[in-house]
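Asks: Shown below is the structure under consideration.
We did not get these values from a lab; they are worked out from the coordinates using the rules stated. Every value quoted in this text rests on a predicted model; they were computed, and no experiment measured them. Cβ atoms come from the backbone with ideal geometry, glycine included; neighbour counts cover every protein chain shown.
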Amino acid sequence: MRVDVLIPTCERPAELAVTLSGLAAQDFPDFAVHVADQSDGDASYDSPPAQAMVRVLRHHGHPVELSRNLPRRGLAQQRNYLLDQSKADFVLFLDDDVWLDPGAITRLHSAITELGCGMVGNAVTGLSYLDDRRPDELEPYEEWEGSPEPEQITPGTREWQRWTLHNAANPTHLSELVWHRPKWTAYKVAWVGGCAMFDREALVNVGGFEFWQQLPAEHCGEDVLAQMKVAAKYGAAGILPTGAVHLESPTTVVNRDTEAYDVVPP
C-alpha cells in the first residue's frame, strides 16, 4: 500500500464511525487503515455504525486492521504503536474526530510526492465558525514557492505565529483564496493538527514518536513535536483547499499541562 491511515481512538464510537465514513468515500485507490483503540470498555470500533464502515472499506479493497493498545501510556506512545504497524511509503495520521472530503487523500498524496518534503497536512476546520471571519489571524499566511525548505519552528519565533491560521474556520476561509486554482496550494505552517501525512521514512529517521518514553502518560503536543522534527530536516507544508472537517466534539485529552515540546528538545 502507498498510504496507511493511522487512527488513534478512545471512547469515541460515534465520532470514529463518522471518520471512517469519510475514508470509505475517498477516491484514492491505494490505502489501508489501522485503528488503535484505548477505550476502557468496548472498543470504539465495535459500535454497529463503525463496523458498517469497516465493512464498506474492506469491500472497496482497503485493508482495515483493528487493535487494542492498553494500558494507556499517552498519545505519543499510541502514535508510536500505530507507526510501528506501518510499512507503507506514506502514513496519514488522522484523528478520530475528523471527516475527510472525498478528494482529500488524493490531494495530500499528490502534494507530498510532488513537493518531496517530509510532511503535508490538511488543517481541520470548524464549520460552526463559518461566519466568524478573523482577518488578523490570517496575516501570517504565506505560500511556498517551489518545494518546502527545512525550517526550525519553535515557540516564540515568527514562524510559530502561523498557528493562528488554523483557528476556528480559518482553513475554510483560506481555502476560498485558492478554489479557482487547478490543483492544491502549499503554504507555510507552524504545525497541522488532526490530519497530517508523512513520508514514513522521514518520520522514522527523526525518531518517530519514540520520545514517548520521556513523557508522562498525561501530555499533549506530541504531534506538534514530531512535525517540528520533520520540518527541521525535511520541510513541511499545509495544503489548500482543506478537506478536513473537525467534528467539534469535546477533547478526550483533558489534562494539557505538559506540552511534549517543553519536555523533549525538538
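Asks: Is the C-alpha gyration tensor of the chain telling us rounded, prolate or oblate? Criteria: a/c under 1.5 is rounded; beyond that, a/b larger than b/c is prolate, otherwise oblate.
Replies: Rounded shape, in that the Cα axes give a/c under 1.5.
Asks: Further question on the same structure: Could you tally the net charge around Asp37, taking each other residue with its Cβ under 13 Å from the Cβ of Asp37, Lys/Arg +1 and Asp/Glu -1?
Replies: Its environment carries a net charge of -4.
Asks: Assigning unit charges at the beta carbon (Lys, Arg +1; Asp, Glu -1) and nothing else, what dipole magnitude in debye, to the nearest 20, does the chain show about its Cα centre?
Replies: Dipole magnitude for the chain comes out near 480 debye.
Asks: Want the number for Gln152 to Ser67: 0.36 nm per residue separation, take away the alpha-carbon distance, what's left?
Replies: Going from the current span to full extension adds 27.1 nm.
Asks: Here is a further query. How much length, in nm to one decimal, is gained on full extension between His59 and Asp131, taken as 0.36 nm per residue of separation minus their Cα-Cα distance?
Replies: Using 0.36 nm per residue and subtracting the Cα-Cα distance, I get 22.0 nm.
Asks: Work out the charge dipole of the chain with +1 on the Cβ of Lys and Arg and -1 on the Cβ of Asp and Glu about the Cα centre, then indicate which of Thr258, Ala237, Leu174 is farthest towards its positive end.
Replies: Ala237
Asks: Dipole magnitude of the range 112-169 about its Cα centre, charges +1 at Lys/Arg Cβ and -1 at Asp/Glu Cβ only, in debye to the nearest 20?
Replies: Result for the range 112-169 is approximately 220 debye, rounded to the nearest 20.
Asks: Taking the Cβ of each residue in Arg73, Arg55 as the centre, tally the other Cβ atoms inside 10 Å and list the residues starting with the fewest.
Replies: Arg55, Arg73
Asks: Then there's this: Could you sort the peptides 214-224, 179-189, 154-164, 10-20 by per-residue average Cβ neighbour count (10 Å cutoff), highest mean leading?
Replies: 10-20, 214-224, 179-189, 154-164
Asks: Here is a follow-up. Could you order peptides 171-178, 194-201, 141-148 by the average number of other Cβ atoms within 10 Å of their residues, highest first? Write down the numbers at each step before the final one.
Replies: Details: 171-178: 17.8, 194-201: 22.5, 141-148: 14.0.
Highest mean packing first, the order is 194-201, 171-178, 141-148.
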